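For reference, the structure is listed below as structure tokens.
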Amino acid sequence: MLEIKGHKELSLSHCDGYSRRSFIKAGGMAMGGLSLAQLLQLEAASGKGRQHKAVINVFLPGGPSHIDTFDLKPHASSEFRGEFNPISTNVAGMQICELFPRLAKIADKFSIIRSLHDSEGAHSSYQCMTGRTRKDANNAPPGGWPNWGAWVSKLQGSNRGVPANVSLVYPTGAGWSKQGDGGFCGPAHAPMQLVEKNPLARPQNMSLQGMSLDRLDDRAKLRAAFDQFRREVDNKGAMEGLDSYNAQALEILSDNGLADAIDLSKEDPKIVERYGVNDPTYQRDGAPKMVRNFCVARRLVEAGARVVSMNYSRWDWHGGDGMNFPRSREEFPLLDMGLSSLIEDLHDRGLDKDVTVVVWGEFGRTPRINKNNSRDHWPRASFALIAGGGLRHGQVIGATDKNGSDVIERPLKFQEVFATMYHALGIDPRIATVRDTGGRPQYLVDPGIEPIRELI
């Protein structure tokens, strides 16, 4: 954080209420450890700040059932197949659950992976947010494994002053908000948290050294304050202490682009309505059903974010309440609405070649229905849905056996999905490295991991 020494005679406050110190410190914003000036320097050094590929990583906490969503087994016996029927999509031979009719109409715009098999089986978002397991975390290099967006931030820098790595992950119980941090990439690259426990609250991280969002909303007043600040420091010769990157940071703050991106009142109401209606109620120890965050995520990548992570609702429905099928009837149509709107929106805006969407959970569900008419945890098989990114879509990759128990075709690992996302961002995960705090280069994925060939 920049501190200007000397010039004690310069007034510490202005008539509009903004202090000199506030402006000086604003260049090193305390947003989850993020320094905007630092990221501008990274952007300039890398020469990649103008490139803008992005990924929206949607985590469904609790383990959504692969058999009831995108890998139905209609010919299995009754103790396996469940209550839902498959429907045809606009892709020949691809069928999904009948409760996803909107997705069925645009199946040519996404791909389904039915063969993820290396889940660690834990109720945690960590594997879907880092590509690593808890065992990996216990044997991490110096500085610790980073959140996957931190790699991207470190390698590509920020874009147009918007942090590269931002988060719409709500605090939850059961480890479903464990998305990792900057690790050895450093705190400046950690996910910038844009949501709080209260889904309706303005994020505290968006308060900048005494300049709140409410005050920043008054652009005219803010610009006048900046002008006065510049005049005073120029007269006193203190401007020499502000390097160009801190000056840029101050200009970015005055534009308030990040705050605009998360403000849905600035979006076309008809588009927002397509996404569905938010429910801020927490789903037990899971996340709230803030379905319009799919739209917020799209606005964030449009504003310049490279990685947007989010969690949505709660998908762990196997207890004595026997809620698997009733909750599916409630949740699937909402996900269908939010996700299909996001995919269509990206295509309508010409962003489908640049923005990748991945949707998944930490594991699948038992093929055999339990005594409570529900499904238990099942790490041996799970799914991922991938859209956009200029990838090849309208296909199903991999397969499970007749009951959905085990992968029998094209087994894939979580890290292979991450390798594909890095590829879509323009990063070659096989050669790109970041040095840990001990100075040793670390690869983004484990040796032998490649992007999924069917998609690239």
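The values are calculated or read from the model by the stated rules, or taken from the named source; none is laboratory data. Just so it is clear, the structure is predicted and the values come from calculations on it, not from any experiment. Cβ placement follows ideal geometry from the backbone for every residue including glycine, while neighbour counts extend to all protein chains displayed.
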Of the residues that sit in region 140-159 and are over 14 Å from Tyr126 (Cα atoms) and in contact with a Pro (Cβ under 8 Å, 6 or more places away or on another chain), which one is surrounded by the most Cβ atoms within 10 Å (Cβ to Cβ)? Ser153
Go through region 177-204 and give me each residue that's buried (at least 18 other Cβ atoms within 10 Å of the Cβ), assigned to a helix (DSSP H, G or I) and either modelled with pLDDT of 90 or more or not assigned by TED's automatic domain parsing to the domain that holds Pro61 (or both). Gly183, Phe184, Cys185, His189
Within region 138-153, track down each residue that is more than 20 Å from the chain's Cα centre (by Cα) and among the hydrophobic types (A, V, I, L, M, F, W, C). Ala140
So for region 416-427 (the condition being of a type in the set (Asp, Glu) and surrounded by fewer than 21 Cβ atoms within 10 Å (Cβ to Cβ)), does at least one residue qualify? no
Can you name every residue in region 103-117 that is of a type in the set (Lys, Arg) and more than 17 Å from Gly338 (Cα to Cα)? Arg114
Taking region 315-372 and keeping residues over 30 Å from His52 (Cα atoms), among the hydroxyl-bearing types (Ser, Thr, Tyr) and not in a loop (DSSP other than H, G, I, E, B) leaves Ser328
Flag if His393 is modelled with pLDDT under 95 and touching a helix residue (DSSP H, G or I) at 6+ places or on another chain (Cβ under 9 Å): no
Contact list please: Cβ distance under 9 Å, first residue in region 81-95 and assigned by TED's automatic domain parsing to the domain that holds Val396 and touching a residue at least 12 places away in the same chain (Cβ under 8 Å), second residue surrounded by fewer than 19 Cβ atoms within 10 Å (Cβ to Cβ) and among the small types (Gly, Ala, Ser), pairs at least six apart or on different chains. Gly82/Ala76; Thr89/Gly394; Asn90/Gly394; Val91/Gly394; Met94/Ser88; Met94/Gly394; Gln95/Ser88
So Gln127 clears everything in (1) at pLDDT 95 or above; (2) under 21 Å from Ala188 (Cβ atoms) except one condition, right? Which one? (2)
If I filter region 102-122 for residues that are more than 25 Å from the chain's Cα centre (by Cα) and on the phi > 0 side of the Ramachandran plot, do I get at least one hit? no
Residues being under 21 Å from Lys53 (Cα atoms) and of a type in the set (Ser, Thr, Tyr) - total across region 107-151: 2
With the checklist (1) out of contact with any Lys or Arg (no Cβ under 7 Å at 6 or more places or on another chain); (2) assigned to a loop (DSSP other than H, G, I, E, B); (3) surrounded by fewer than 21 Cβ atoms within 10 Å (Cβ to Cβ); (4) not hydroxyl-bearing (Ser, Thr, Tyr) in hand, flag the one item Asn90 doesn't pass. (1)
Taking region 37-67, which residues are part of a helix (DSSP H, G or I), touching a strand residue (DSSP E or B) at 6+ places or on another chain (Cβ under 8 Å) and modelled with pLDDT under 95? Glu43
